[in-house]
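Report on the structure given below.
The values are calculated or read from the model by the stated rules, or taken from the named source; none is laboratory data. Quick caveat: nothing in here was measured; it's all calculated off a predicted structure. A quick note on method: Cβ atoms are made from the backbone with ideal geometry, for glycine too, and the neighbour counts reach across all protein chains shown. Please note that ligands, DNA and RNA were not included when accessible areas were found on the heavy atoms of the full protein model with its side chains. Shrake-Rupley method; radii C 1.70, N 1.55, O 1.52, S 1.80 Å.
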Amino acid sequence: MLLHVATVTVLLNIAIIELNSHYSLLSKKDSDVDFLDESPLHRVFVYGTLKRGEPNHGLIKDTANGYAKFLGLGRTTIPYPLIIATKYNIPFLLKKPNTGNYVLGEIYDVDSNMLKRLDELEEHPKFYERTEEKVLLAPEAALKPGKTFEEVCESTKAWIYFLPKYKSSLLDSTMYASYTNNGSHGLKYCENDEDVSSLDDVL
């Protein structure tokens, strides 16, 4: 009888240990999922100095700032005013839909660290304001001779940095469909860390 009780006790203990182990594995998997949920990739549309070949693209290329993957060329689905303004010749996308042009840019997937660095550069939400918008994405490899952007693009959502508040006179500026620092406009970007623009420059 005592032997029988001892055997049952041992078997019960083994069952409890196995259940605990199983529960711990489930908890670990759940916490892994939570961690992934906290650090997803964020899709970002850039139209100015962050594009390839432009003055601030080094921020995106620097892996110390986080992860970034170039997905392709992008275009807004509605027109916006893309202008160059202030003494620093900064490209701004004004938050005034259905004014200006369909704006061309680049689309990236970035991690939370890179998004944070982009927010710091753009001074979101005090200066620029990041909002998620529907855009068109065309993988660069698909843009072969004879293929138009419209034929190869797909719709997606991406974060865009807009200037939400601005002087109404900025709407009298030349509006561009795409930006390059070396454009025929002759307006070279010249902002630096010691001398940066503020809301006073645009309000």
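When you go through 93, 59, 50 one by one, which is the residue that is assigned to a loop (DSSP other than H, G, I, E, B), open to solvent by less than 40 Å² (accessible area, probe 1.4 Å) and at pLDDT 95 or above? Lay out the reasoning, then the answer.
On the way: 93 fails: assigned to a loop (DSSP other than H, G, I, E, B); 59 fails: assigned to a loop (DSSP other than H, G, I, E, B).
Testing whether each residue is assigned to a loop (DSSP other than H, G, I, E, B), open to solvent by less than 40 Å² (accessible area, probe 1.4 Å) and at pLDDT 95 or above leaves just 50.
For the structure I just gave you, tell me whether residue 72 is of a type outside the set (A, V, I, L, M, F, W, C), out of contact with any helix residue (DSSP H, G or I) (no Cβ under 6 Å at 6 or more places or on another chain), in a strand (DSSP E or B) and surrounded by 14 or more Cβ atoms within 10 Å (Cβ to Cβ). Can you show your working first?
Working: of a type outside the set (A, V, I, L, M, F, W, C): yes; out of contact with any helix residue (DSSP H, G or I) (no Cβ under 6 Å at 6 or more places or on another chain): no; in a strand (DSSP E or B): yes; surrounded by 14 or more Cβ atoms within 10 Å (Cβ to Cβ): yes.
So residue 72 fails the test.
Residue under question is residue 151, and the condition is that it be open to solvent by 60 Å² or more (accessible area, probe 1.4 Å) and touching a Gly at 6+ places or on another chain (Cβ under 6 Å); does it hold? Steps first, please.
Working: open to solvent by 60 Å² or more (accessible area, probe 1.4 Å): yes; touching a Gly at 6+ places or on another chain (Cβ under 6 Å): no.
No, not satisfied.
Anything in the stretch 168-180 that is open to solvent by 60 Å² or more (accessible area, probe 1.4 Å) and over 15 Å from residue 103 (Cβ atoms)? List them, or say none.
Of everything in the stretch 168-180, those that are open to solvent by 60 Å² or more (accessible area, probe 1.4 Å) and over 15 Å from residue 103 (Cβ atoms) turn out to be 168, 169, 172.
Among (1) under 17 Å from residue 165 (Cα atoms); (2) assigned to a loop (DSSP other than H, G, I, E, B), which single condition is residue 78 missing?
Of everything listed in (1) under 17 Å from residue 165 (Cα atoms); (2) assigned to a loop (DSSP other than H, G, I, E, B), residue 78 misses just condition (1).
Taking residue 183, is it exposed (fewer than 15 other Cβ atoms within 10 Å of the Cβ) and under 19 Å from residue 84 (Cα atoms)?
Numbers: exposed (fewer than 15 other Cβ atoms within 10 Å of the Cβ): yes; under 19 Å from residue 84 (Cα atoms): yes.
Spelling it out, residue 183 is indeed exposed (fewer than 15 other Cβ atoms within 10 Å of the Cβ) and under 19 Å from residue 84 (Cα atoms).
State whether the residues of the stretch 113-130 include one that is assigned to a strand (DSSP E or B) and either within 26 Å of residue 197 (Cα to Cα) or open to solvent by 40 Å² or more (accessible area, probe 1.4 Å) (or both).
Narrowing the stretch 113-130 to residues assigned to a strand (DSSP E or B): 129-130.
Now drop any that are not either within 26 Å of residue 197 (Cα to Cα) or open to solvent by 40 Å² or more (accessible area, probe 1.4 Å) (or both), which leaves 129-130.
Yes - at least one qualifying residue is present in the stretch 113-130.
Pick from 134, 165: which is in a strand (DSSP E or B) and surrounded by 11 or more Cβ atoms within 10 Å (Cβ to Cβ)?
Numbers: 165 fails: in a strand (DSSP E or B).
Just a single option satisfies the conditions, and that option is 134.
Evaluate the following for residue 141: is it more than 17 Å from the chain's Cα centre (by Cα) and open to solvent by 40 Å² or more (accessible area, probe 1.4 Å)? Full working, then the answer.
On the way: more than 17 Å from the chain's Cα centre (by Cα): yes; open to solvent by 40 Å² or more (accessible area, probe 1.4 Å): yes.
Yes, satisfied.
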